[in-house]
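Working notes, beginning with the structure itself.
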Amino acid sequence: MKYKANIGSVFSEMRILYHQGKQYIPDVTTVEVPGIFRGRPVIKTAAAAGAGADEDIRFLPDLCPTGAIDLEPLRIDLGKCIFCGDCERACPSRIKFTKDYKIFSATRNGLIIREGEDQKMTIKADEVRKEIRKYFGTSLKLRQVSAAGDNSCEWELNASGNVNFDMGRFGIEFVASPRHANGIVVTGPISQNMAEPLQICYDAIPDPKIIILAGTDAISGGIFAGSPAIDRSFLNKYQVDLYLAGNPTHPLTIINGILALTRGN
Amino acid sequence: MTNALEIKNNQRVQLKDIPVLPYEEFLELNTNLTKDFYFHCVNYFAWPQGNQLRLFCCIADDTTGHILLSSSVVAHDNSREYPSFSAKNLAFHVFEREIHENTGLKYSDHPWLKPVRYPVNRADRNSDISNYPFYQIESEELHEVGVGPIHAGIIEPGHFRFICNGEQILHLEIQLGYQHRGVEQLFLTPKNLLQRTVLAESIAGDTVIGHTTAFAGLWESLCDFTPGEDILHARTIASELERVAIHTGDLSAICADIAYQLGNSVFGRLRTPVINTFQKWCGCRLAKGLIRVGKNQYPVTPYMVDSLTQLFDEYEPDTYEMYDRMKTLPSVLARLERTGIVTHEQAERIGCVGMTARASGLIRDIRWTHPYLIYGQIPHQPIVKHHGDVYSRTQIRRHEISQSIRYIRDLIANVPAEGNGNPELSSPQPDSFVISLTEGWRGEICHCAITNDTGELALYKVKDPSLHNWLALALAVRNNDISDFPICNKSFNLSYCGNDL
């Protein structure tokens, strides 16, 4: 009887595996996101917008909840944008969010999308410190620090390693100790109460090391920018190597961003 | 019968109608009310006004669906100490700790007057998060283990201090506050409605629907706006879908913490299509942008009805098959059963809410007792387990998943037409008080607001269910092996940022 039960158990486990089908995304650099996705925006110039071009856009900076929109030229700062899509709804002839999830940059200014631009966001070799691609081009271990993150970017960083997105296939993984890490991924606007633990964690990572900011809150403070409870002085001290836009950052943005930084686009 | 004002969930009342009682009477009233477990405190907070503090206490009456509201005015000058509610009923402990921390109000007999979150505007600026007054035991046979604030996985920060006897936990103290962003204060600084909505979405990014629904209900009540059937319908579907998504993720995480790889992978991948359905609906996997005050920004279209139907047709057999397999494995059950027990008596005494309470046989479910959205029309029966262990909290998730899916399937069979009777949103009414309760996947979420004489927000209070339940985790791990702490922690899955605000 016991022997029989064991055989049965193997089969039920295999049946479950079989029922899952193929879950991994074969090519995470080209797959399309299902449904609506607000990725890299494309802003048309007034001339290119044609018939609807006389639409008034002066109200847009005030409409944006995080002050991500500026005029002359009309531009959106993806480091501040929370991707609510209200500007697109208010001004559809000029602003359109595309499904391009490759929204990252090695420089802060690289996150600003101006009218008339419609180019893929890339990371150029001269924007990357030399040691990064040399040492981390085939394997990268990261330590994650949630510095007052709201647990949305944290969920998506976790999801990057699940069986669907499987970031581990590239040798990119999150590790439990800063001593085992090649860099730090910060989420959240960085609260005063997390400023010291973040610094201690960063100091514990051996050189050479990188800093990645994931999500709008980390990049600019997002909706918390200006709160007296946050302390972003850590970011004034070090060069940030990679900005991953999104609120929260999508796993495909995370994976493609890290690949672009460490291996080229 | 009482001196308290009886109000309903999401009912606007005039500030002047809220009774102001002498402190002793205020204390007697609220501590007597909560002697019966059908009554529990959903929020208790202080509103500083010059050199006075006005204390507001909101007690939920589970038998009638009322909320009993009372207040008291005390001096805000450190001139005297007040007897605490907590000495009579421990469930008030965290509210009084918060009042003390924020305003400096002194209590003469509070049993555990520890810091809650080290907020930026705390009364005692000399207190510092790096110098928390931990409970200590002098003994050569015991040792302390400190964990955090940064943890080994991708998880929010908090510090756990264990006092252990060998491998066994004698005592755990949980220190929070690392996530404090000043949310309540940010609601007050001049902001437009969209900014406040985005703020509500960011209170806890894993409970976007729960908190934003509470905010939207509150704001609409402040403006005397009656949302149309289509708005309420869509929000109800979203609430239940969020429950399914997070519960699935939790089942995956529970499997991970007992090294059951198959369950971890299968539940992990099953969560993906659920949150991708939010993506199809509103463009965000965690549903940011879905709930907007006074409108139905993303209606439940026939495409969404098809998407949800297809999702559940594929999700249900795989999920139940995996769960049924998991619960037959002795190696799984040995880790879950009789681990991390919160007894019914403890749950009631410390005022647990939500899933944590229901796993210990304490029925606390706002959908049932204080219905909002269209829960009044759903014959909702809370799912209750009685052992209070990790396995009970696991079972609750499994059964709430199928219950939520049943509700959603019923709801999408009959979607109301769009935009019927949704008027323009006006501005908030002056001198008003509103309380808004929702049942997020963790449990009861409470938002309270007070407006001044021009209709501007004068006070905004947020309470995440985690505020009640963190103490339950600390009690649950006593006499457990320290190696079982991760699985205990995961079985509660409490919010750090929801607590720290």
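The values are calculated or read from the model by the stated rules, or taken from the named source; none is laboratory data. Since the structure is predicted, the reported quantities are computational estimates derived from the model, not experimental observations. With ideal geometry, Cβ positions are generated from the backbone for all residues, glycine too; neighbour counts draw on all protein chains shown.
Things worth noting here:
- Summed over segment A:6-32, residues that are facing chain B (nearest Cβ under 7 Å) and part of a loop (DSSP other than H, G, I, E, B) total 1.
- Any hit, segment A:219-240, residues being within 11 Å of chain B (Cβ to nearest Cβ), of a type in the set (Gly, Ala, Ser) and farther than 24 Å from B:LEU186 by Cα: no
- Single condition B:PRO299 does not satisfy, out of (1) within 30 Å of B:ASP481 (Cα to Cα); (2) not in a helix (DSSP H, G or I): (1)
- Boolean, A:TYR202 is within 14 Å of another protein chain (Cβ to nearest Cβ), in a loop (DSSP other than H, G, I, E, B) and either under 30 Å from B:ASN131 (Cβ atoms) or touching a helix residue (DSSP H, G or I) at 6+ places or on another chain (Cβ under 7 Å) (or both): no
- In segment B:48-71, the residues that are within 20 Å of B:GLU184 (Cβ to Cβ) reach residues that are of a type in the set (A, V, I, L, M) and part of a loop (DSSP other than H, G, I, E, B) with C-beta atoms within less than 7 angstrom, at least six apart or across chains, in these pairs: B:LEU53/B:LEU105; B:LEU69/B:ALA4; B:LEU69/B:ILE18; B:SER71/B:ILE18.
- Selection from segment B:478-501 of residues that are aliphatic (A, V, I, L, M) and within 15 Å of B:GLU167 (Cα to Cα): B:ILE482
- Answer residue from segment B:257-296, given it is assigned to a helix (DSSP H, G or I) and touching a residue at least 60 places away in the same chain (Cβ under 8 Å) and is farthest from A:HIS19 (Cα to Cα) among those: B:ASP257
- Test: residue in segment B:112-120 that is outside any loop (DSSP other than H, G, I, E, B) and at pLDDT below 95: no
- Within segment B:302-340, the set of residues being part of a loop (DSSP other than H, G, I, E, B), surrounded by fewer than 19 Cβ atoms within 10 Å (Cβ to Cβ) and more than 11 Å from chain A (Cβ to nearest Cβ) comprises B:LYS327, B:GLU337, B:ARG338.
- Of all the listed residues (A:ILE36, A:ILE82, A:ILE76), the sole one being buried (at least 16 other Cβ atoms within 10 Å of the Cβ), on the phi < 0 side of the Ramachandran plot and free of Cβ contacts under 8 Å to residues at least 12 places away in the same chain is A:ILE36.
- Any hit, segment A:120-143, residues being within 9 Å of chain B (Cβ to nearest Cβ), within 30 Å of B:GLU201 (Cα to Cα) and buried (at least 22 other Cβ atoms within 10 Å of the Cβ): yes
- In segment B:1-56, of all residues being under 26 Å from the mean Cα position of the chain (by Cα) and hydroxyl-bearing (Ser, Thr, Tyr), the one that is farthest from B:SER86 (Cα to Cα) corresponds to B:TYR38.
- Among residues of segment B:415-429 that are within 12 Å of B:VAL293 (Cβ to Cβ) and in the same structural domain as B:ILE231 (by TED's automatic domain parsing), those with a Cβ under 6 angstrom from a residue that is modelled with pLDDT of 85 or more and not in a loop (DSSP other than H, G, I, E, B), sequence gap 6+ or separate chain, pair up as B:PRO428/B:LEU222; B:PRO428/B:THR451.
- Residue in segment B:437-458 that is in contact (Cβ under 8 Å) with a residue 24 or more places away in the chain, over 28 Å from B:ARG161 (Cβ atoms), hydroxyl-bearing (Ser, Thr, Tyr) and in a helix (DSSP H, G or I) present: no
- Residue that is surrounded by the most Cβ atoms within 10 Å (Cβ to Cβ) [pool: residues in segment B:170-199 that are within 15 Å of A:PRO189 (Cα to Cα) and among the hydrophobic types (A, V, I, L, M, F, W, C)]: B:VAL183
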